[in-house]
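The values are calculated or read from the model by the stated rules, or taken from the named source; none is laboratory data. As the structure is a computational prediction, the values presented were derived from the model and not from experiment. Every residue, glycine among them, receives a Cβ derived from its backbone with ideal geometry; neighbour counts consider all protein chains shown. Accessible surface areas use protein heavy atoms only, side chains included; no ligands, DNA or RNA. Shrake-Rupley method; radii C 1.70, N 1.55, O 1.52, S 1.80 Å.
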Amino acid sequence: MDVYGNRHPDLFSGSYMGESIGMTPGYIYVWLGQGQGRFTEREIVRNGAGDPVQFSPASESRAFATEPHLVDWDSDGDLDLLIGNMTGDVGLFVNEGNRRQPAFAVEPVILVTGGQSPLVPTDMASPEAVDWNGDGRLDLVVGFEDGSVLFFGRAGEDGEVSLLAAEVLLPAPSGDYQVIPAGAVPWRGSHARIHVTDFDGDGTLDLLVGDRLSLMTGRADLTEAEQQEFAHQAIAVRRAYRRIRELSRQRGELIESGSSRGEAMNRLMREYTAAIREFEEAKNAVGPLCTGTNSMTATGFVWVYIRR
């Protein structure tokens, strides 16, 4: 994208931890295009006050894992900055300057708050502004850590920031730790990173989703008895993983409620430890029946969802 209107495409990126020498999370970076595939050194994107654009103070976890998207949200001819973050929020930093000399707002307007409704997750928002419903106004499509993708329609006119309630475009998949037999196709994983485009050129917007998953694939030469054992342990891995996710969710709720200490938390952590042990035992049992190094392989795919 040509960020600064100099007729050369630029590179634009968020970050997890920012500068590697300190705890300054979530800086936004730009590499300015110079033509012929050349770019300047990395620069920190700054707000109108000259400070790095940040979602919140560096001491807060919501500043981490920024996912930026540039778009003319208020239809004034320059590019504004949408940022998703670790806690599932999406903030709008309005450009108070112009296209060639942007001056992003110091404080964001919060468009989406992680956990604002049961549908909205609380982790890793990946936003993109597009006219998804074809009403001539920019809407918001957001991927989340659990793998779900949500649509937020525009409630007001261009320039206004109110959004309608979330609608599910893609539900969260069943998990990103997968044990599959030889020749099987994995299902979509977590950490949905999205791009909306007319992929098949039919005039309607489609959805590209990148994911993250850990994969174990069964050997093709398993005997019948080994295939039965493989299927049994694969179920055990999925069951333990679902239990771990549920207990992690409950732990987060206890912490949010101020109950991070006490018998309820102790009991939950005992169950969590047992689920981790069950998961590791099942994973170790199925390992010799799998290809490769008998361990989970971290990988990811890009999925194309064609809109009908």
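Summary table below
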{"quantity": "In the range 51-82, the residues that are modelled with pLDDT of 80 or more and within 14 Å of residue 16 (Cβ to Cβ)", "calculated": "54, 64, 65, 66, 67, 68"}
{"quantity": "Hits in the range 109-167 (condition: touching a Gly at 6+ places or on another chain (Cβ under 9 Å), touching a residue at least 60 places away in the same chain (Cβ under 8 Å), closer than 18 Å to residue 211 by Cα and open to solvent by less than 60 Å² (accessible area, probe 1.4 Å))", "calculated": "124, 126, 127, 128, 143, 147, 149"}
{"quantity": "Every residue from the range 168-198 that is touching an Asp or Glu at 6+ places or on another chain (Cβ under 7 Å) and in contact (Cβ under 8 Å) with a residue 60 or more places away in the chain", "calculated": "188, 189, 191, 192, 194, 195, 196"}
{"quantity": "Qualifying strands (runs of 3 or more DSSP E) (wholly inside the range 173-223; at least 2 residues being surrounded by 17 or more Cβ atoms within 10 Å (Cβ to Cβ) and either hydroxyl-bearing (Ser, Thr, Tyr) or more than 19 Å from the chain's Cα centre (by Cα) (or both))", "calculated": "177-180, 206-217"}
